[in-house]
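Input: a single structure, listed below in structure tokens.
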Amino acid sequence: MNQTTCQEPMHGGHPCRRPVVINHTKCILHYDSAAKDIRRFEREIDSLIENAKQSYLDLTGVVFPKSPFDALRSVEGDIYLDRAKFMTSITFQETTFGGTASFEKTKFIGDADFTRVHFCKDAIFVGSSFSGLTVFADTTFDGRALFGEATFGNKCSFYNADFGNLAAFTRTKFKEILDFRNSMLANGVTFHGAEFEGEVDFRLTEFKARLERVQAEDEISFAYTKFHKSVDFGHIKDAFFRQVHSDWRTGLRADHGTIFNGKCNFTGTQFVGRCNFSRTIFWNDVKFKNVKFQEQTVFEDTQFFGHALFYEASFVKDVTFDSALIWESADFGQSTFGDTVRFKALELAPGGNFSLDYIIVENLIEVWGIKFPHEVSLRKAHIRGWAKFGELQFDRIGLFQNIVFGDPSQVSIANSDLSNVSFRETDVSKIRFYRVTWNDKVSPFRSRWYTKPIEFKRAKIIDETDPDLHEPAAHLYRDLQLNYVRSGDYRTAGDFFVGEREMIRKAAGKFRQYFSFDFAYKLASFYGQSVSLPMIWLFLILLISPFLLMIFPLDAALGAEVQTIPGYEWSWRISDIVLFKADYWEMFRANLSFVTRTSTSVYPAGSWQLLVIAFETILAVICVTFFLLALRRRFKRKSF
């Protein structure tokens with residue numbers, strides 16, 4: 001039995017039921033042929049439009065043999081063109097769709113022109129395919145713009161488009177150039193799973209969200225997208241395109257590129273071509289987790305006002321973050337840099353954290369001209385090529401711990417204050433240090449008569465202050481000592497030798513800290529580094545020994561002019577101070593002759609005196625030895 005009515009499903013699922021074309025199973029509207037009766041087709045469309053003025057226009061599945069005519073532009077209600085097919089180029093220029101405009105799974109065989117179209121409600125292009133040039137320039141979307149799973153087979157332009165509500169491009173495919181310049185996406189956008197096979201231009205596009213409606217964590221999502229060629233979110237150099245954002249915060253850098261006002265997610269995205277984010281502004285958190293950048297990437301002058309997460313990101317070629325601004329934090333944990341990565345003149349706000357933990361650098365990393373107001377971390381990084389650090393200031397601790405260098409001699413640190421930097425478990429024996437400063441303040445000494453602190457200065461590392469890290473600090477001091485000896489800076493090498501001995505002494509336990517050879521070595525000559533200390537001790541020994549000889553009774557005369565002072569008791573009266581008595585000075589001269597063996601006419605015979613003289617002689621020899629050793633080191637260092 002021949003079919004007399006068209007059974008093509010319309011909006012809502014009910015069949016069309018229009019008379020079929022002779023020898024066909026579909027009506028004049030759904031008949032898939034460019035050779036259909038145009039006049040009959042237009043009469044049927046006019047009838048539908050006339051009946052739809054009070055309800056909606058249902059053109060679901062209609063095959064248009066030519067561009068839609070002016071009658072379509074007068075429809076004020078909803079219009080449904082789902083599964084429609086436009087056989088030739090169409091234009092909807094300056095059309096206003098008062099209701100919902102649905103083009104779900106519609107096929108545009110030729111060019112599609114939606115320039116200056118106004119969609120008052122939702123615009124639905126889910127699953128549609130555009131084979132020719134597609135233009136949505138200066139188009140306004142008051143409702144949602146849904147382009148999920150759509151395919152753009154040719155060049156596509158959304159230049160200066162205004163999206164007042166959610167814009168969804170989930171799993172959309174752009175096979176040629178996409179132009180999104182100067183657009184406004186005011187209420188969130190998602191490109192989740194989209195694929196860009198041509199070049200993409202987002203320069204001066206503004207991404208933001210109305211906070212009263214945002215519930216999802218990611219207001220702006222590029223998660224798991226793939227860019228096959230270059231993508232540009234950066235700044236347009238032509239002065240014609242420059243603009244100043246009205247928000248007071250852009251006063252920091254008014255001449256900007258793309259703006260992201262909401263939370264932004266690029267997780268899993270692949271940038272196959274060159275990527276430019278220069279002068280881009282991220283007002284909220286942004287995620288580049290597990291992103292792969294296969295060509296040169298630029299974040300120069302980019303501003304991150306939220307948390308910037310680059311965790312497990314992969315940069316195959318050069319990447320630069322020169323002059324970028326970090327307001328909250330930037331985390332590059334476990335990221336891989338296949339070529340050069342540069343952080344020059346990076347600007348961090350007072351609370352800005354910066355982390356490069358576990359990163360892998362294959363070629364070169366440059367960190368230069370940065371003030372770190374908060375903690376900065378480079379723990380367990382693997383730097384297999386060159387590393388250049390310079391003009392750095394660390395207001396808080398810098399954690400350069402457990403770093404593995406492929407060749408430590410290719411690492412340099414210049415013009416930096418390393419007082420707050422911890423190099424624990426990092427090989428620093430061959431790092432080249434140029435004009436760096438270390439923490440040179442030891443706990444001050446105060447007395448009841450002299451209140452101004454006396455600071456004994458030496459170069460030291462911050463790890464020394466942690467009582468649980470004395471042994472690792474000793475190894476670090478040893479490496480630094482070898483480094484500075486190799487470079488010829490013997491003065492600083494001596495400071496690090498002192499630090500090593502101090503850490504070894506303190507690591508031995510509380511008792512051995514003060515009852516050991518190391519402690520005596522420190523007191524006698526500051527571990528062989530001080531010329532003055534041995535001489536001071538020698539003078540004190542020669543000054544005190546005559547007094548001890550005078551306290552103990554003499555068993556033999558030392559000279560008629562010297563009197564013994566048995567049971568001598570000290571008196572604080574000036575007239576009784578022993579240094580003013582002639583007897584003391586006679587004993588001083590006699591004692592000096594005993595020690596130097598310059599005279600044999602007078603000598604002590606008592607056991608106590610012999611013991612004092614023997615002990616005094618040993619100490620004097622030790623002091624002279626320490627003095628000569630320290631003097632030799634001074635000559636070797638050429639520093640006095």
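The values are calculated or read from the model by the stated rules, or taken from the named source; none is laboratory data. All values derive from a computational prediction rather than experimental measurement. No Cβ is skipped: glycine too gets one built from the backbone with ideal geometry, and neighbour counts run over all protein chains shown. Just so you know, the surface numbers come from the protein's heavy atoms only, side chains and all, with ligands and any DNA or RNA stripped out. Shrake-Rupley method; radii C 1.70, N 1.55, O 1.52, S 1.80 Å.
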Which pairs do you get when a residue that is under 11 Å from residue 321 (Cα atoms), found in the stretch 281-305, comes within reach of a residue that is of a type in the set (Asp, Glu), reach meaning Cβ atoms under 6 angstrom, with the pair 6+ apart or on two chains? 300/322
Look at residue 135 and say whether it is open to solvent by less than 60 Å² (accessible area, probe 1.4 Å) and under 21 Å from residue 87 (Cβ atoms). yes
Which count do you get for residues in the stretch 396-419 that are surrounded by fewer than 19 Cβ atoms within 10 Å (Cβ to Cβ), hydrophobic (A, V, I, L, M, F, W, C) and over 18 Å from the mean Cα position of the chain (by Cα)? 2
So if I check each of 130, 163, which one is surrounded by 21 or more Cβ atoms within 10 Å (Cβ to Cβ), closer than 23 Å to residue 220 by Cβ and either free of Cβ contacts under 8 Å to residues at least 12 places away in the same chain or of a type outside the set (A, V, I, L, M) (or both)? 163
One residue from 300, 362, 295 being open to solvent by 30 Å² or more (accessible area, probe 1.4 Å), over 16 Å from the mean Cα position of the chain (by Cα) and closer than 28 Å to residue 436 by Cβ: 362
Quick check on my filter: what residues within the stretch 489-510 are open to solvent by 40 Å² or more (accessible area, probe 1.4 Å), of a type outside the set (Asp, Glu) and within 20 Å of residue 630 (Cα to Cα)? 490, 491, 497, 501
Residues being in contact with a helix residue (DSSP H, G or I) (Cβ under 9 Å, 6 or more places away or on another chain) and without any contact (Cβ under 8 Å) to a residue 24 or more places away in the chain - total across the stretch 503-513: 4
Among the residues in the stretch 284-302, are any at pLDDT below 90 and of a type in the set (Ser, Thr, Tyr)? no
Any chance the stretch 339-346 includes a residue that's under 24 Å from residue 427 (Cα atoms), in contact with a Leu (Cβ under 6 Å, 6 or more places away or on another chain) and buried (at least 20 other Cβ atoms within 10 Å of the Cβ)? no
Does the stretch 469-482 include one or more residues that are of a type in the set (Ser, Thr, Tyr), modelled with pLDDT of 80 or more and open to solvent by less than 30 Å² (accessible area, probe 1.4 Å)? yes
Six or more apart or on different chains, Cβ atoms under 7 Å: show the pairs whose first residue is in the stretch 381-401 and touching a residue at least 60 places away in the same chain (Cβ under 8 Å) and whose second is open to solvent by 20 Å² or more (accessible area, probe 1.4 Å) and of a type in the set (A, V, I, L, M). 397/462
I'd like the residue in the stretch 5-55 that is more than 21 Å from residue 103 (Cα to Cα), of a type outside the set (D, E, K, R) and open to solvent by 80 Å² or more (accessible area, probe 1.4 Å) and, out of all such residues, is modelled with the highest pLDDT. 19
Among the residues of the stretch 420-437, which ones are more than 17 Å from residue 489 (Cβ to Cβ), polar (S, T, N, Q) and open to solvent by 10 Å² or more (accessible area, probe 1.4 Å)? 420
Collect the residues in the stretch 168-189 that are within 22 Å of residue 276 (Cβ to Cβ) and open to solvent by less than 30 Å² (accessible area, probe 1.4 Å), keeping them in residue-number order. 169, 172, 174, 178, 179, 180, 183, 185, 189
Evaluate the following for residue 182: is it at pLDDT 80 or above, within 24 Å of residue 297 (Cα to Cα) and in a loop (DSSP other than H, G, I, E, B)? yes
Hits in the stretch 86-117 - residues which are assigned to a strand (DSSP E or B), open to solvent by less than 60 Å² (accessible area, probe 1.4 Å) and at pLDDT 85 or above: 101, 102, 108, 112, 113
May I ask you to list pairs of residues, at least six apart or on different chains, whose Cβ atoms are under 7 Å apart, with the first in the stretch 626-639 being farther than 21 Å from residue 520 by Cα and modelled with pLDDT of 65 or more and the second being open to solvent by less than 100 Å² (accessible area, probe 1.4 Å) and part of a helix (DSSP H, G or I)? 636/490
